[in-house]
1. Mind counting the residues in segment 138-178 that are assigned to a helix (DSSP H, G or I) and without any contact (Cβ under 8 Å) to a residue 60 or more places away in the chain?
2. So which residues in segment 37-60 are loosely packed, with under 12 Cβ neighbours inside 10 Å and either in the same structural domain as residue 151 (by TED's automatic domain parsing) or under 16 Å from residue 105 (Cβ atoms) (or both)?
3. Go over the candidates 28, 98 one by one and state the one that is small (Gly, Ala, Ser), within 33 Å of the chain's Cα centre (by Cα) and surrounded by 16 or more Cβ atoms within 10 Å (Cβ to Cβ).
4. What is the residue count in segment 121-142 for residues that are within 19 Å of residue 196 (Cα to Cα) and loosely packed, with under 15 Cβ neighbours inside 10 Å?
5. Mind telling me which of the residues 171, 162 ends up being at pLDDT 95 or above, surrounded by 13 or more Cβ atoms within 10 Å (Cβ to Cβ) and not assigned by TED's automatic domain parsing to the domain that holds residue 23?
Amino acid sequence: MASTTNPSTVYSNVKVPLFEGENYDFWAVKMETVFTSLDVLEFVQNGYEEPAPKANEKDEESSTRLEELKKKKITDAGVLGMIQRGVSLSIFPRIMRAKTSKEAWTILQQEFEGDSKVRTVKLQSLKRDYENERMKENESLNEYFNRLSELVNQMKSHGDTIDDRRIVDKILISLTEKFDPMVAVIEETKDLSTMSVQGLMGSLRSYEQRLLRRSEKSVESAFQSNLNIQPNNGENKHPTQNRGESSRGGRFGRGRGRGRNSRGLASKQGYTHALHCTLATPMSTVSAGSTIFVAATMVNEWKERNALD
């Protein structure tokens with residue numbers, strides 16, 4: 001049973017998680033951990049019994065029995081106080097009339113966790129969601145893993161005993177195509193029966209980082225090749241303008257002015273083409289942040305060069 005050293009002070013100072021009506025299973029696990037650390041979980045699960053008076057009980061024995069009962073009541077009141085502090089104002093009216101910690105805990109459990117039949121139906125629904133879960137093309141590995149982990153945790157809280165092997169198999173068959181080479185290597189070189197989820201995710205994260213680095217380098221190389229456009233490219237489109245018409249007094253005006261405009265036009269056309277290639281690059285091969293950054297850099301470079309020309 002619980003330690004009875006000044007229990008009212010001990011339990012009133014304990015910080016507890018707040019339940020606001022959602023994710024009851026997670027809140028209940030946290031609260032049970034707190035109860036266990038204080039050695040009072042038995043009060044919540046089983047309550048306490050008042051010691052019955054013995055026949056021909058002596059005054060000393062009666063005093064001891066009453067003192068033990070008093071300590072139990074104080075301890076249970078402290079546990080009840082933790083439960084009351086652990087629910088929001090909208091939830092509190094449901095347990096405000098409970099006299100013991102077990103009574104309050106049972107009320108919350110029945111309303112938010114449901115009976116065995118309700119839990120079984122909910123578990124079946126979670127299992128269907130789990131089986132149908134697949135990684136989306138536009139999400140990262142961590143985003144998918146977090147989504148899958150939430151489903152697994154809910155299944156466990158509803159009584160399912162899902163192990164690492166099932167989770168490892170699920171991850172390997174539900175990734176997008178870009179992970180196929182890594183999946184093949186893992187299946188050929190690793191013992192999946194002993195592989196942990198953490199070990200699998202570590203390998204997949206490293207592979208994803210390499211893919212991102214290679215994609216960014218390939219896109220940057222494409223930018224550089226599109227930017228290497230000679231200044232006289234714009235003049236080649238108008239061969240007649242390379243002759244005497246560009247001299248002073250020609251119908252195209254001063255040659256120097258025409259040359260400056262053509263250099264600016266060619267540079268602008270080159271950057272426009274490169275920018276078009278950038279924005280046309282599929283988001284699955286390069287992050288949106290990198291695309292925006294490189295595109296913005298290209299625009300700034302064009303402005304600077306055009307100003308210098």
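The values are calculated or read from the model by the stated rules, or taken from the named source; none is laboratory data. None of these values were measured; they are calculated from a predicted model. Cβ coordinates were reconstructed from backbone atoms using ideal geometry, including for glycine residues, and neighbour counts include every protein chain displayed.
1. Here is the first cut: in segment 138-178, the residues assigned to a helix (DSSP H, G or I) are 141-157, 164-174, 177-178.
Next cut, without any contact (Cβ under 8 Å) to a residue 60 or more places away in the chain only: 143-152, 155-156, 164-174, 177.
Residues that pass the stated criteria total 24.
2. We begin by selecting, within segment 37-60, every residue loosely packed, with under 12 Cβ neighbours inside 10 Å; these are 37, 46, 49-50, 52-56, 58-60.
Answer for segment 37-60, where residues must be loosely packed, with under 12 Cβ neighbours inside 10 Å and either in the same structural domain as residue 151 (by TED's automatic domain parsing) or under 16 Å from residue 105 (Cβ atoms) (or both): just 46.
3. Numbers: 98 fails: within 33 Å of the chain's Cα centre (by Cα).
Exactly one residue qualifies, and that residue is 28.
4. Residues of segment 121-142 that are within 19 Å of residue 196 (Cα to Cα), as a first pass: 130, 141-142.
In the following step, the residues that additionally are loosely packed, with under 15 Cβ neighbours inside 10 Å were identified as 142.
Result for segment 121-142: 1.
5. Working: 162 fails: at pLDDT 95 or above.
Within the list 171, 162, the selection yields 171.
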